[in-house]
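Colleague: Here it is: the structure, laid out below.
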Amino acid sequence: MTSTTAAAHTARSRGFSAPDLAQIAVFAALLAALSLAPAIPLGAVAVPITLQTLGVALCGLCLGPVRGFAAVALYVLAGLAGLPVFAGGKAGLSVLAGPTVGYVLAFPFAAIVTGLVAKWAVRRGLSRLTPVLLLLGVLASRYLVILPFALVGLTSTLGIDVRAALLVDVPFWIGDLIKSVIAAMLAYAVHKAFPRLLGR
């Protein structure tokens, strides 16, 4: 049994419907595709600029906390199992020993936070305020979840202190803000087109 088949079997046993499984698979594939988009090296920094965080945000914003977590977790497990879906085509358990380990491990939990905010915001009723609330959800997951994980990963793998690790992460903030805005607008459009996506 392949890792993807096993994950699908586990998800089904935990109460996911066939449409849920399809959505989880589609968004995991979307996240993989965005992760494989050409990365931008950032000087001597060992962590490149990628579209991974955009994909993670979309999983949470569009699917909610449970299915969003499942989609991102499926992506992470597939990468750790050997599929070259991480940034730069990386794969395998060796990623856990690299400077990006904190980011990778944080992604599923970031999807939970983003998904919770999205579920609350969408159930309030779509309005002009909704994209702003979705954006705040993405930013909360970025700085309350991903950043702490990232700092732990950077300090442990690069042998630097927290201040130096923070300086490694800071150059990504402008790009992440832009990606967060894009994710919020795309998710808002998705929920306008499919108003029942988070309603079940």
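The values are calculated or read from the model by the stated rules, or taken from the named source; none is laboratory data. This structure is a prediction, so every number in the text was calculated from the model and none was measured. Cβ: placed from backbone, ideal geometry, glycine included. Neighbour counts: every protein chain shown.
Colleague: Mind checking which residues of the stretch 146-161 are out of contact with any helix residue (DSSP H, G or I) (no Cβ under 6 Å at 6 or more places or on another chain) and under 20 Å from residue 105 (Cβ atoms)?
Modeller: Kept after step one, since they are out of contact with any helix residue (DSSP H, G or I) (no Cβ under 6 Å at 6 or more places or on another chain), are these residues of the stretch 146-161: 147-148, 156-161.
Those that are out of contact with any helix residue (DSSP H, G or I) (no Cβ under 6 Å at 6 or more places or on another chain) and under 20 Å from residue 105 (Cβ atoms): 147, 148, 156, 157, 158, 159, 160.
Colleague: Okay, next question. Can you work out which of the residues in the stretch 37-69 that are in contact with a Pro (Cβ under 8 Å, 6 or more places away or on another chain) and not in a strand (DSSP E or B) is modelled with the lowest pLDDT?
Modeller: Here the residue is 39.
Colleague: Taking the stated definitions as given, is residue 114 at pLDDT 95 or above, outside any loop (DSSP other than H, G, I, E, B) and more than 24 Å from residue 66 (Cβ to Cβ)?
Modeller: So residue 114 does not fit the description; no.
Colleague: Another one. Does the stretch 116-174 hold any residues that are among the charged types (D, E, K, R), over 30 Å from residue 192 (Cβ atoms) and in contact (Cβ under 8 Å) with a residue 12 or more places away in the chain, and which are they?
Modeller: 169
Colleague: Shifting gears a bit: All but one of (1) under 16 Å from residue 50 (Cβ atoms); (2) surrounded by fewer than 19 Cβ atoms within 10 Å (Cβ to Cβ); (3) of a type in the set (Lys, Arg) hold for residue 142; state the number of the condition that does not hold.
Modeller: (2) is the only condition that residue 142 fails.
Colleague: Answer yes or no as to whether residue 88 is modelled with pLDDT under 95, more than 20 Å from residue 170 (Cβ to Cβ), assigned to a helix (DSSP H, G or I) and out of contact with any Lys or Arg (no Cβ under 8 Å at 6 or more places or on another chain).
Modeller: Yes; evaluated as a whole, the condition is true for this residue.
Colleague: Conditions: (1) within 25 Å of residue 192 (Cβ to Cβ); (2) buried (at least 24 other Cβ atoms within 10 Å of the Cβ). Residue 54 meets all but one. Number of the miss?
Modeller: Residue 54 satisfies all of (1) within 25 Å of residue 192 (Cβ to Cβ); (2) buried (at least 24 other Cβ atoms within 10 Å of the Cβ) except (2).
Colleague: Answer yes or no: is there a residue in the stretch 182-193 that is exposed (fewer than 12 other Cβ atoms within 10 Å of the Cβ) and over 22 Å from residue 52 (Cβ atoms).
Modeller: yes
Colleague: Can you name every one of the helices (runs of 4 or more DSSP H) wholly within the stretch 138-195 that holds 2 or more residues which are under 14 Å from the mean Cα position of the chain (by Cα) and charged (D, E, K, R)? Talk me through it step by step, then tell me what you get.
Modeller: Working: elements: 147-158, 162-169, 173-193.
Counting at least 2 such residues, we get 173-193.
Colleague: Could you please find all residues in the stretch 146-190 being of a type in the set (Ser, Thr, Tyr) and touching a strand residue (DSSP E or B) at 6+ places or on another chain (Cβ under 9 Å)? Explain how you work it out, then say what you get.
Modeller: Start the filter on the stretch 146-190 by keeping residues that are of a type in the set (Ser, Thr, Tyr), which leaves 155-157, 180, 188.
Answer for the stretch 146-190, where residues must be of a type in the set (Ser, Thr, Tyr) and touching a strand residue (DSSP E or B) at 6+ places or on another chain (Cβ under 9 Å): just 157.
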